[in-house]
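Peer 1: Handing you this structure, nothing more for now.
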Amino acid sequence: MSIFAILATIIASVIAMECIAWASHKYIMHGFGWGWHRDHHEPHDKALEKNDLYGIAGAVMSISMFAVGSPLIMGASYWEPGTWVGLGILFYGIIYTLVHDGLVHQRYFKYVPKRGYAKRLVQAHKLHHATIGKEGGVSFGFVFARDPAKLKAELKRQREAGVAVVRDAVG
């Protein structure tokens, strides 16, 4: 593979992972996988959450792609792009850990952004946590955040339609 193809594969994999994470968050974590995700939406003082098990699922995807791309493991049937897809998934996991767990939930460092896209990410995710329970909600992505004003309006529509129970502080 050319360096261009390698870089394109890595970047495409990072972008694809945000799409996969959005769908997984909306339909699995807020669906049948709520048992693992619930503690992430509830106050606690534990260092780890059941929700962290989803990170292991991401690691398994990355490791699996590295294996598929390895001639040492797959022999002649290896698929070279698998290595670069695995690297893209790994990069997404690092971005997720720094942005979601670090910046938004302040698990690793204390920094509250005052402006820019980092502030938008934090606001969007706080609005995601504005619902009580798994029903309804907004902003299921982790890296791409919609305008918080639009998200707030969507939460208001969901509350009025009886789709979501919204915490009082959101309005």
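Peer 1: Conditions first: (1) assigned to a loop (DSSP other than H, G, I, E, B); (2) without any contact (Cβ under 8 Å) to a residue 40 or more places away in the chain; (3) under 22 Å from Val165 (Cβ atoms). Lys134 passes all but one, so which condition is the exception?
Peer 2: (2)
Peer 1: Then there is this: Free of Cβ contacts under 8 Å to residues at least 60 places away in the same chain, surrounded by 18 or more Cβ atoms within 10 Å (Cβ to Cβ), touching a His at 6+ places or on another chain (Cβ under 8 Å) and not hydroxyl-bearing (Ser, Thr, Tyr), is that true of Val122?
Peer 2: So Val122 fails the test.
Peer 1: Another question, if that's okay. If I ask for residues that are in contact (Cβ under 8 Å) with a residue 40 or more places away in the chain and assigned to a loop (DSSP other than H, G, I, E, B), which ones from the range 77-92 would you list?
Peer 2: The one that is in contact (Cβ under 8 Å) with a residue 40 or more places away in the chain and assigned to a loop (DSSP other than H, G, I, E, B): Glu80.
Peer 1: Another question about this same structure. Can you tell me which of (1) among the β-branched types (Val, Ile, Thr); (2) in contact (Cβ under 8 Å) with a residue 40 or more places away in the chain; (3) surrounded by fewer than 19 Cβ atoms within 10 Å (Cβ to Cβ) is the one Val60 doesn't meet?
Peer 2: Unmet for Val60, out of (1) among the β-branched types (Val, Ile, Thr); (2) in contact (Cβ under 8 Å) with a residue 40 or more places away in the chain; (3) surrounded by fewer than 19 Cβ atoms within 10 Å (Cβ to Cβ): (2).
Peer 1: Shifting gears a bit: Are there any pairs, at least 6 apart or on different chains, whose C-beta atoms fall under 7 Å, with the first in the range 93-109 and in a helix (DSSP H, G or I) and the second among the aromatic types (Phe, Trp, Tyr), and if so, which?
Peer 2: Within 7 Å, the pairs are Tyr96/Phe142; Val99/Phe142; His100/Phe142; Asp101/Tyr108; Gly102/Tyr108; Gly102/Phe109; Leu103/Tyr111.
Where a number appears in this text, it was derived from the coordinates with a stated rule and is not lab data. Treat the numbers as computed from the prediction; the structure is a model and nothing was measured. Cβ: placed from backbone, ideal geometry, glycine included. Neighbour counts: every protein chain shown.
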